[in-house]
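Engineer: I am attaching a structure below and will ask some questions about it afterwards.
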Amino acid sequence: MSTILPPAAGGSAAPTDPALDTGRGTGLWKDAFLRLRRNPQAIVGAVIIGLFLLVAVLAPLLAPYGGDELPGRTSITPTTIPGPGQIDGFPLGLDRFGGDVLSKLIWGAQASLLIGVVSTALGLAGGMLLGILAGGLGGWVDNVIMRFVDILLSVPNLLLAVSIAAVLGQSSYAIMIAIGVSQIPIFARLLRSSMLSQRGADYILAAQTLGLSRRTITMSHLLPNSMGPVIVQATLTLATAVIDAAALSFLGLGGGLPQAAEWGRMLTYAQAELAVAPQLAFLPGACIAITALGFTLLGESLREALDPKTRRK
Amino acid sequence: MLRVIGKRIALLIPTLFGLSVLLFLWVRNLPGGPATALLGEKATPEAIARVNELYGFDRPLITQYLTYMGKLLQGDFGVSINTGRPVLEEFATRFPATLELTVVALIFAIGVGIPLGYLAARHYGRFLDHSSVVLSLVGITIPVFFLAFILKYLFAIQWSLLPPDGRQSPRIDATHYTQFYVLDGLLTGEYDAAWDAFLHLILPGLALGTIPLAIIVRITRASVLEVQNADYVRTARAKGLMERTIRGSFILRNAMLPVVTTIGLQLGLLISGAVLTETVFAFNGIGRFLRDAIFGLDYPVLQGFIIFIAILYALINLIVDLSYSVIDPRVRVQ
């Protein structure tokens with residue numbers, strides 16, 4: 001499922017002069033932020049993400065009912081499921097279990113964002129570790145790590161996640177770990193190649209001439225200057241993580257109660273009622289797509305903002 | 001050329017070897033071990049011990065691995081827990097369905113994607129360009145299974161234009177030799193069966209093809225934009241070549257390299273997408289079989305499938321690399 005978008009031409013971060021980049025937020029990142037603020041695409045993305053974050057964090061206050069609660073259990077029959085506006089007290093109607101669709105969408109935002117953020121953090125941490133070791137040490141370490149990454153990349157992302165989830169058992173933690181681990185190879189690859197492209201830069205030569213240790217050069221010079229594409233990828237990966245999480249729980253790997261408030265899960269149970277209650281599929285589906293759109297818009301604008309080719313214009 | 005192919009296949013061996021070790025360890029780490037996966041959660045300790053002995057799960061790991069590899073090399077992928085039939089046989093009956101679906105999806109993605117991306121670049125900054133950029137963005141962010149639902153609801157349920165699920169209408173009694181239903185219909189002269197099977201492929205094919213379509217549009221657009229201002233295009237114009245020649249032989253041909261690479265990379269996406277699409281459309285292919293395998297923890301099937309896909313992936317990438325030399329003579333020289 002994960003979409004590895006090809007890097008934009010010259011997509012690596014511009015090597016800023018380390019003497020100017022004193023870590024006070026000047027230079028590349030400040031410049032990128034200023035450019036982001038002027039890009040309508042980035043603003044739309046940020047607004048979407050901000051809204052969903054707000055809904056996710058404030059879910060206990062916003063949602064009329066709990067995520068697993070079935071307040072409308074007495075109002076549904078096997079043949080009738082009240083849709084939006086058809087029943088008082090439930091603005092978006094009920095689902096087949098008697099759950100309040102609005103509440104479940106709100107709690108679903110929390111579940112999706114949690115899985116997305118945790119799994120991406122996991123993938124980022126693991127991938128960075130492997131990437132630093134491979135790109136920083138080189139030699140046989142690089143070889144071993146990259147062959148391992150190749151093996152993982154030879155399995156489609158969703159299948160890899162499914163296999164990991166199968167070992168871990170069915171739960172939302174399993175989904176987080178599964179998606180996180182399946183993202184490690186992408187981040188490792190990206191960071192390594194970004195570091196390799198920086199290796200021959202003049203400021204690295206200067207640092208070596210000054211007699212700095214290899215660790216200092218790798219961690220304080222090479223790494224910060226190689227992070228651009230990785231951060232862009234992380235933003236884009238948040239989108240795929242939300243979609244992948246929904247896909248895994250759509251396939252039934254989420255565990256927990258069948259009526260659990262997860263967007264992917266809601267779609268699973270909407271299948272049978274597609275003809276009579278299509279809104280049960282469209283509402284959570286739209287939530288997944290819009291959230292993913294938000295992260296994608298922001299990630300793409302970030303990539304543009306960091307791209308030295310477009311920066312000069 | 002032959003040396004390149006040989007070298008690439010040789011490079012594939014360590015990857016497949018590593019993958020087989022990982023898969024082997026994966027099965028041994030399934031909750032409760034492989035015997036529990038076979039017998040279910042409620043198995044008695046005696047039954048588990050018996051299965052462990054029968055399948056050799058009690059022997060040293062290295063012995064187990066060698067036995068497993070030996071079988072694998074002879075093409076023995078084991079027996080499916082869910083159906084009790086050999087994994088390879090199950091694949092052989094279901095793979096044609098998925099291949100048929102994937103081919104329809106790819107024809108849609110390439111057939112629409114390349115022209116659309118090209119036109120968007122030619123009309124850079126105008127309405128067509130903007131709408132294709134927005135469309136491809138939506139295509140990338142919409143989950144496959146959600147799109148499948150929308151298509152199914154609109155075209156199958158609401159407007160009843162196309163069949164909602166399955167591979168063939170039950171009223172049609174068709175003979176199947178190859179398991180490629182459309183092909184079967186054409187070969188046996190049962191044209192109504194072929195047409196019916198094709199109608200069943202449209203909705204899942206569209207759902208599955210949309211993400212690759214979106215990606216192909218973007219890459220084609222970006223690539224054409226980069227190439228159309230290249231010096232050699234300017235030179236060609238200065239020489240007074242026909243605009244058609246410039247577009248066909250100079251711009252499009254040079255812009256195709258990254259597009260071809262991208263198409264090769266879509267395989268993983270298509271396989272993952274097939275699992276989801278086939279689930280929504282009750283399409284009896286390998287994706288749906290795999291979904292059942294995930295649920296039943298049918299590890300021989302999952303194991304076999306992952307190795308199968310890894311080999312397929314590598315072969316497709318090899319074909320993509322080789323196709324460069326057809327598109328780009330510069331690659332041939334090196």
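Engineer: Hey, can you tell me all the residues within segment B:22-60 that are at pLDDT 80 or above and under 19 Å from A:ALA178 (Cα atoms)?
Structural biologist: Correct list: B:LEU22, B:LEU23, B:PHE24, B:LEU25, B:TRP26.
Engineer: Further, regarding this structure: Quick check on my filter: what residues within segment A:35-94 are surrounded by fewer than 16 Cβ atoms within 10 Å (Cβ to Cβ), within 15 Å of A:TRP107 (Cβ to Cβ) and out of contact with any helix residue (DSSP H, G or I) (no Cβ under 7 Å at 6 or more places or on another chain)?
Structural biologist: Hits for segment A:35-94 are A:LEU54, A:VAL57, A:LEU58, A:PRO60, A:LEU61.
Engineer: Is it true that B:VAL301 is more than 11 Å from chain A (Cβ to nearest Cβ), surrounded by fewer than 18 Cβ atoms within 10 Å (Cβ to Cβ) and either β-branched (Val, Ile, Thr) or in a helix (DSSP H, G or I) (or both)?
Structural biologist: Considered against the rule, which asks whether it is more than 11 Å from chain A (Cβ to nearest Cβ), surrounded by fewer than 18 Cβ atoms within 10 Å (Cβ to Cβ) and either β-branched (Val, Ile, Thr) or in a helix (DSSP H, G or I) (or both), B:VAL301 comes out as no.
Engineer: Sort through A:VAL144, A:VAL162, A:VAL117 and tell me the only one that's at pLDDT below 90, of a type in the set (A, V, I, L, M) and under 29 Å from A:ALA270 (Cβ atoms).
Structural biologist: None of the others qualify; the one that does is A:VAL162.
Engineer: Quick one: which residue in A:GLY108, A:GLY67, A:GLY116 is of a type outside the set (Val, Ile, Thr), within 14 Å of chain B (Cβ to nearest Cβ) and farther than 21 Å from A:VAL230 by Cβ?
Structural biologist: Values: A:GLY67 fails: within 14 Å of chain B (Cβ to nearest Cβ); A:GLY116 fails: farther than 21 Å from A:VAL230 by Cβ.
Only one candidate qualifies: A:GLY108.
Engineer: For segment B:95-146, which residues satisfy the criterion of being within 14 Å of another protein chain (Cβ to nearest Cβ) and polar (S, T, N, Q)?
Structural biologist: B:THR98, B:THR102, B:SER136, B:THR141 - these are the residues of segment B:95-146 that are within 14 Å of another protein chain (Cβ to nearest Cβ) and polar (S, T, N, Q).
Engineer: Suppose the filter is small (Gly, Ala, Ser) and either at positive phi or within 14 Å of chain A (Cβ to nearest Cβ) (or both); does B:GLY189 pass it?
Structural biologist: yes
Engineer: Do we find a residue being at pLDDT below 85 and on the phi < 0 side of the Ramachandran plot anywhere in segment A:176-189?
Structural biologist: For segment A:176-189, residues at pLDDT below 85 and on the phi < 0 side of the Ramachandran plot: absent.
Engineer: Now a separate question. Among the numbered criteria (1) of a type in the set (D, E, K, R); (2) modelled with pLDDT of 85 or more; (3) part of a loop (DSSP other than H, G, I, E, B), which one does B:GLU226 miss?
Structural biologist: Of the numbered conditions (1) of a type in the set (D, E, K, R); (2) modelled with pLDDT of 85 or more; (3) part of a loop (DSSP other than H, G, I, E, B), the odd one out for B:GLU226 is (3).
Engineer: Taking segment A:272-291, which residues are modelled with pLDDT under 85, at the interface with another protein chain (Cβ under 7 Å from one of its Cβ atoms) and either part of a helix (DSSP H, G or I) or crowded, with 18+ Cβ neighbours inside 10 Å (or both)? Working first, answer last.
Structural biologist: Applying the first criterion (modelled with pLDDT under 85) to segment A:272-291 yields A:272-277.
Now narrow it down to the ones that are at the interface with another protein chain (Cβ under 7 Å from one of its Cβ atoms): A:274-275.
A:LEU274, the sole residue that qualifies.
Engineer: Taking the conditions exactly as written (within 12 Å of another protein chain (Cβ to nearest Cβ) and of a type in the set (D, E, K, R)), does A:ASP202 satisfy them or not?
Structural biologist: For A:ASP202, the condition - within 12 Å of another protein chain (Cβ to nearest Cβ) and of a type in the set (D, E, K, R) - is not met.
Engineer: Looking only at segment A:194-211, count how many residues are touching a helix residue (DSSP H, G or I) at 6+ places or on another chain (Cβ under 8 Å) and free of Cβ contacts under 8 Å to residues at least 12 places away in the same chain.
Structural biologist: 1
Engineer: Now for a separate question. Which of the residues belonging to segment B:149-163 are more than 10 Å from chain A (Cβ to nearest Cβ) and either among the aromatic types (Phe, Trp, Tyr) or in a helix (DSSP H, G or I) (or both)?
Structural biologist: B:LEU151, B:PHE155, B:TRP159 - these are the residues of segment B:149-163 that are more than 10 Å from chain A (Cβ to nearest Cβ) and either among the aromatic types (Phe, Trp, Tyr) or in a helix (DSSP H, G or I) (or both).
Engineer: For the condition buried (at least 18 other Cβ atoms within 10 Å of the Cβ), modelled with pLDDT under 85 and of a type in the set (A, V, I, L, M), what is the one hit in B:ALA274, B:ALA293?
Structural biologist: On the way: B:ALA274 fails: modelled with pLDDT under 85.
Result: B:ALA293 is the single residue among B:ALA274, B:ALA293 that is buried (at least 18 other Cβ atoms within 10 Å of the Cβ), modelled with pLDDT under 85 and of a type in the set (A, V, I, L, M).
Quick grid of which residues meet (1) out of contact with any Leu (no Cβ under 8 Å at 6 or more places or on another chain); (2) farther than 29 Å from B:PHE155 by Cβ; (3) among the hydroxyl-bearing types (Ser, Thr, Tyr):
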| site | (1), (2), (3) |
| --- | --- |
| B:GLY248 | yes, yes, no |
| B:ASN254 | yes, yes, no |
| B:GLY264 | yes, yes, no |
| B:SER272 | no, no, yes |
| B:GLU278 | no, no, no |
| B:ALA282 | yes, no, no |
| B:VAL301 | no, yes, no |
| B:ILE307 | no, yes, no |
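Engineer: Report, by residue number, each residue of segment B:187-211 that is aliphatic (A, V, I, L, M) and out of contact with any Phe, Trp or Tyr (no Cβ under 9 Å at 6 or more places or on another chain).
Structural biologist: B:LEU199, B:ILE211
Engineer: Follow-up question, since we're still on this one. Is it the case that some residue within segment A:294-302 is crowded, with 23+ Cβ neighbours inside 10 Å, away from every other protein chain (no Cβ under 14 Å) and modelled with pLDDT of 85 or more?
Structural biologist: Yes, there is a match, as at least one residue in segment A:294-302 is crowded, with 23+ Cβ neighbours inside 10 Å, away from every other protein chain (no Cβ under 14 Å) and modelled with pLDDT of 85 or more.
Engineer: Next question, about the same structure. Would you mind telling me which numbered condition in (1) over 23 Å from the mean Cα position of the chain (by Cα); (2) loosely packed, with under 14 Cβ neighbours inside 10 Å B:LEU186 fails?
Structural biologist: (2)
Engineer: Identify the residue in segment B:81-108 that is small (Gly, Ala, Ser) and surrounded by fewer than 23 Cβ atoms within 10 Å (Cβ to Cβ) and, among all such residues, is farthest from the chain's Cα centre (by Cα).
Structural biologist: Once the filter is applied, the top-ranked residue is B:GLY84.
Engineer: Could you tell me whether B:ARG221 is of a type in the set (D, E, K, R), more than 9 Å from chain A (Cβ to nearest Cβ) and either under 30 Å from B:LYS152 (Cα atoms) or in contact (Cβ under 8 Å) with a residue 40 or more places away in the chain (or both)?
Structural biologist: On the way: of a type in the set (D, E, K, R): yes; more than 9 Å from chain A (Cβ to nearest Cβ): yes; either under 30 Å from B:LYS152 (Cα atoms) or in contact (Cβ under 8 Å) with a residue 40 or more places away in the chain (or both): yes.
Yes.
The values are calculated or read from the model by the stated rules, or taken from the named source; none is laboratory data. As the structure is a computational prediction, the values presented were derived from the model and not from experiment. Heads up, the Cβs are rebuilt from the backbone with ideal geometry, glycines too, and the neighbour counts pull from every protein chain shown.
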